[in-house]
Amino acid sequence: HAAKEQGIVIWNDIDFFYPLLKNKKIIAVTGTDGKTSSVLLIAHILRGIRKVLVGGNIGIPIASLIPKLAGLASSDVLILELSSYMLEDIKQFRCNTALITNLAEDHLDRYPSVAAYQQSKLNILNFMRGKDTFLCNLNSAPIRKKIKKNPYHTSFQMRNFSVVKTETTTSTLAQAEKAETNSRKNTLEKISDFLLLEKHSDSKTGQKNLKNTGSFFLSKTKPLFAMPLRLGLTSKVSVKQSGESGEISKKKPLFINSSTLLASLAASFLHLPAKQRRQKDFFLRRLNLFTAPAHRMQVVKTRHADIMAINDSKATTLQAVENALAFFSAQQKQHVRLILGGQDKNLDFRVLQKQLKDVKLIYLYGESAEKIKRVLVAKQALSKVRPSKSSLKTKINVCPLFADAVLLAWQDAKKTLLLRDLSNKYPEIILLSPGCASFDQFKSYEQRGEAFAAILRKAL
């Protein structure tokens, strides 16, 4: 700010190095949540078909990619994760494919308003034109509203994608087509270019069940292929080989948001040759081999098989916390011990009240702990549109230190195991999904996640 006040022009790295990048095919990914998962999944799908370089906010400086650019052919791809900080004052950066995963509230310790923060993300579209393509998430109300107010698509191409919830069980592609057609009649999804049908979470398992219900669609009328995939505590990818059905089971849970999954499929689809675009098994096999990024719904091994610890330290926004909790059914949430807290970002934790009412216990730690507790138990309206009718009844424990919160959650999980009914089939869950920055007690969210895992590995 001081430099700007003195009239000094500031260039960030994506603008400074853009003249060296501009002749390459660039997929740029931004958004409030899901950026890293999307970048890694897109890269994972494209590798082996295209040469891929990844950089940006994912922890790989763009400058470090410059010596490798000469090795990229015209069909190869540069995938960049871009933060709001990198986009807030861009001067020339242009990409071939732009993906905004979603928009929510974040970084209000930096920006004067939610609108200012979200506009910084939309700056990714500023210099796109012609055949450049923006993948627009119709499930994100802020994105829809922003695009409606400013019809960017008049200067470049726009492809819409959306996840549609359905109660319909579809076991064939024809049935999926029919369900898809019915779902479009009176909804925004009728203008989707890429669509994923998702059966509501199973009331018993809590899984987001895409098995035999999910479909990834190429166009508004014709589905590309069925997406037999199940997300959640257990996950399976079903494939067909030589006319026979086969099944490949993942050993670990696949925790990936449905919208992130679809966005990644759509972005990679746009950069694949026609042959791979038509091969259902190609996508399914890639998904089966995909490992989610560290510190994002990462399962941590503990000494007790019936205690599941999940490291979601990268969840530094409230939307990310909501997404984490959405993987669990109401019954499963009764076994969840949620660890929240860290450095305050001026976010309004009242948005979590509905999700938190079924959680077994809440552990708050760090700089923001007392403030979060006051907000969660307060009987006050969140807004005229979203009233908070009553205070949260879930027990809240406040711990100044992060390690104390983790150990208390572990001790309660062990105690519950000793006392619970043997017929109970759910694991006792310790979920670190803090909704805050880490800088009050750690150098980074990675260090916080590593501390979480280390404490639990040593716990008896």
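Rule-based calculations on the coordinates, nothing more; no lab input. Values in this document were obtained by computation on a predicted structure and should not be read as measured data. Here Cβ is always computed from backbone atoms with ideal geometry, including for glycine, and neighbour counts include all displayed protein chains.
What the table shows:
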{"item": "Peptides 341-351, 107-117 ordered by average Cβ neighbours within 10 Å, highest first", "result": "341-351, 107-117"}
{"item": "Tail fraction, Cα-Cα pairs, the stretch 297-351, threshold 12 Å, whole percent", "result": "72"}
{"item": "For the stretch 23-139, size of Cβ-based charge dipole, Lys and Arg +1, Asp and Glu -1, in debye", "result": "660"}
{"item": "Segments 34-41, 440-447 sorted - mean Cβ within 10 Å per residue, highest first", "result": "34-41, 440-447"}
{"item": "Out-of-range pairs (alpha-carbon distance over 22 Å; input LYS51/LYS146; LYS22/LYS145; LYS121/LYS149; LYS393/LYS443; LYS314/LYS443; LYS25/LYS121)", "result": "LYS51/LYS146; LYS22/LYS145; LYS393/LYS443"}
{"item": "Net dipole in debye of the stretch 256-324 [+1 Lys, Arg Cβ; -1 Asp, Glu Cβ; about Cα centre; nearest 20]", "result": "440"}
{"item": "Simple label model, 7 Å out from Cα along Cβ direction - GLU370 to ARG277, nm", "result": "5.9"}
{"item": "Size of charge dipole - the stretch 1-92 - debye, nearest 20, with Cβ of Lys, Arg +1 and Asp, Glu -1, no other charges", "result": "500"}
{"item": "Mean Cβ neighbour count within 10 Å, used as a protection proxy, ranking 20-32, 59-71 highest first", "result": "20-32, 59-71"}
{"item": "Order of SER155, SER433 under a 10 Å beta carbon neighbour criterion, fewest first", "result": "SER155, SER433"}
{"item": "FRET E, pair VAL9, VAL299, Förster distance 30 Å, beta-carbon r, rounded to 0.05", "result": "0.05"}
{"item": "Estimated FRET transfer efficiency (LEU20, SER83; beta-carbon r; R0 22 Å; 0.05)", "result": "0.60"}
{"item": "Ranked list, fewest to most other Cβ atoms within 10 Å of each Cβ, for PHE156, PHE452, PHE134", "result": "PHE156, PHE134, PHE452"}
{"item": "Cut-off 9 Å between beta-carbons: net charge of the residues surrounding LYS357, Lys and Arg +1, Asp and Glu -1", "result": "+2"}
{"item": "Cα-derived Rg to Rh of the stretch 298-441, Kirkwood definition", "result": "0.96"}
{"item": "Nitroxide proxy distance, nm - points 7 Å out along Cα→Cβ at ARG110 and LYS91", "result": "1.9"}
{"item": "Two-site FRET efficiency, SER75 against ALA2, from Cβ-Cβ distance with R₀ of 45 Å, rounded to 0.05", "result": "0.50"}
{"item": "Exposure proxy ranking, count of Cβ atoms within 10 Å, fewest first, for TRP11, TRP410", "result": "TRP11, TRP410"}
{"item": "Label-point separation, GLN157 to GLN331 (7 Å along Cα→Cβ), nm", "result": "4.6"}
